[in-house]
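Below is one structure, written out as structure tokens; comments come after it.
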Amino acid sequence: MIQNEMSRRRLLGLGVGLGAAASLTLAGCGGGSATKSGGSAAGNGGKDYTGPKVDLKLWNGFTGGDGDIFKKLVQQFNSEHENIAVAVTTYQWEDYYSKLPGAVSSGNGPDIAVMHMDQLATFAARGVITELDDVAKALQLNEGDFAPTVWKGGIYNDKRYGIPLDMHPLGFYYNKAVMQKAGIDKPPTNSDEFTAALAELKKAGVQGFWVSPFQFTGGMTFYSLLHQWGGTLFDDQVQKATFNSDPAVEACTWLVDMIKQGYSPANVGQDADYLALKAGKNAFNFNGIWQINDIAKDPAAQIGVAEVPQIGSQKAVWANSHNFTIVKQRGADDNKIAGAKVFINWLSEHSLDWAKGGQIPARKEVRESAEFKAIPNVSTLAPELEYAAFPPAAPGLGEVLLTFYNSFNEAALNKKSPKQALDDGVAKANKQLEDNRKKYGN
């Protein structure tokens with residue numbers, strides 16, 4: 001479990017990884033015109049491939065239980081396609097994003113790369129990945145098939161660079177046995193029920209909701225609550241940071257007060273909130289959907305899963321999305337490009353199988369199927385897609401998001417007041433956004 005959680009938590013390093021990516025010059029990584037036999041690089045958008053056998057390299061960061069399911073799906077694809085062989089390489093996410101630009105620049109990059117939605121614009125701006133509008137057309141995909149934010153998140157400068165595969169939001173995990181000791185018979189769904197439950201737990205000697213100061217998962221909880229109070233991280237054009245607004249300060253203060261009021265211990269260590277939930281030391285935890293497979297390993301722990309409670313004035317929850325991309329090569333091989341598109345097409349159509357890895361399918365028709373609804377707990381969180389707060393699509397955003405999470409860290413550790421921590425964070429974030437505009441020309 002610790003290894004699985006660590007792999008997710010390492011997304012914290014994305015800001016550093018993207019800083020390294022931005023410093024690399026990728027001139028020529030997609031500029032080669034050499035083309036091997038096979039006709040147009042556009043092909044037919046992934047409907048089929050009838051050319052000679054191609055060997056494709058695929059990079060991803062699925063280091064948890066979802067990685068095993070992903071590899072099995074790739075094996076199935078290979079068994080069904082004699083002329084396409086996909087080889088999978090898996091890295092920790094922060095290593096993945098920092099390695100990719102250099103690998104592409106040196107001609108050693110993958111053919112297919114899985115990327116989080118908030119990274120697409122950066123790598124598109126750096127010329128690392130190529131357009132996929134023809135794949136979306138071949139798949140007959142449009143915004144109506146997805147959550148609008150997920151669909152639009154794959155677009156940069158009016159061109160599509162990512163085909164959405166899934167969405168992974170935060171969920172609400174609760175320990176039934178601990179709740180029963182305090183006389184609580186159902187998980188809270190709103191602010192009043194939440195605070196009342198915490199009060200009963202406190203009477204029973206339990207600090208019911210541990211507030212993590214780290215991105216995983218306290219920062220993501222703050223991200224969710226900020227939107228629940230009606231705030232945003234940035235303005236509509238992602239030109240200015242706005243996470244020091246009154247709603248943001250109120251949401252941050254609410255979380256910090258959990259510590260001051262004794263519902264959470266101070267200085268919670270990384271992962272300690274989730275470990276305490278499983279050990280029966282607390283009752284509630286906001287954590288990613290990826291923990292569903294982990295809690296299934298130990299039914300005796302009596303951990304339940306529900307949608308994140310509505311603490312603020314509206315429903316909202318942090319979420320991100322995995323997308324498939326095709327990486328630009330120095331010497332474009334039309335056959336490989338066509339084969340890569342077939343793979344993306346195939347995996348998109350098999351997203352129900354991918355859902356078993358603890359992901360919500362991006363495609364609406366799959367989410368609404370009886371087969372998906374029968375998958376325990378994963379389908380429980382599917383309704384969150386309707387109010388999920390996805391990160392915006394803007395190049396260089398990783399470092400700015402890291403500043404946001406660090407601001408919350410300072411408030412949660414009582415190094416600064418919520419207002420001061422967020423004001424300081426916004427000042428730094430605005431400088432980063434300005435630098436990004438100069439760097440990427442937006």
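Each reported figure results from applying straightforward, stated rules to the coordinates on display, with no laboratory input. Values in this document were obtained by computation on a predicted structure and should not be read as measured data. Counting neighbours? That spans all protein chains shown, and the Cβs are built from the backbone with ideal geometry, glycine included.
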To the nearest 0.05, what FRET efficiency results for SER106 and LYS202 with a Förster distance of 56 Å applied to their C-beta separation? 0.45
Within segment 52-162, pairs of Lys residues whose Cα atoms are less than 27 angstrom apart, provided they are eight or more positions apart or on distinct chains, add up to 16
Please enumerate, by chain and number, the aspartates and glutamates with C-alpha under 16 Å from the C-alpha of LYS260, excluding those fewer than 8 residues away in the same chain. GLU250, GLU410
Give the Cα extents of segment 70-159 along the principal axes, in whole Å, largest first. 32, 31, 21
Exposure proxy check: THR122, THR253 ranked by fewest other beta carbons within 10 Å? THR253, THR122
Return the aspartates and glutamates within reach of LYS202: Cα separation strictly under 18 angstrom, same-chain partners fewer than 8 residues apart disregarded; answer none if there are no such residues. ASP185, ASP192, GLU193, ASP257, ASP273
So what is the calculated 222 nm ellipticity per residue for the chain, using -39500 (n - 2.57) for each DSSP H run with n of 4 or more, over all residues, to the nearest 500 deg cm²/dmol? -12500 deg cm²/dmol
Let me check against my output: what whole-number percent is the relative contact order of the chain, with C-alpha pairs under 8 Å and at least 6 apart? 28
Give me the extension gain from GLU386 to ALA87: residue separation times 0.36 nm, minus the current Cα-Cα distance, reported in nm with one decimal. 104.2 nm
Using mean Cβ contacts within 10 Å as the protection proxy, how do 144-153, 224-233 order, highest first? 224-233, 144-153
Can you compute 3J(HN,Hα) from phi for each residue in segment 277-283, using the Karplus curve 6.51 cos²θ - 1.76 cosθ + 1.60 with θ = phi - 60°, rounded to whole Hz and x for Gly and Pro? 4, 5, 8, x, 9, 9, 10
With the cut-off at 1.5 for a/c, could you classify segment 306-437 from its C-alpha gyration tensor as rounded, prolate or oblate? oblate
Tell me which residues come under 5 Å, amide H to amide H, from PHE234 once H is placed; ignore anything under 5 positions away on its chain. THR242
Whole percent per 10 Å bin, from 0 to the bin with the longest distance: what is P(r) over all C-alpha pairs of the chain? 5, 21, 31, 25, 13, 5, 1, 0
Listed with the fewest Cβ neighbours within 10 Å leading, TRP93, TRP346 appear as TRP346, TRP93
LEU120, LEU201 arranged by Cβ crowding within 10 Å, fewest neighbours leading: LEU201, LEU120
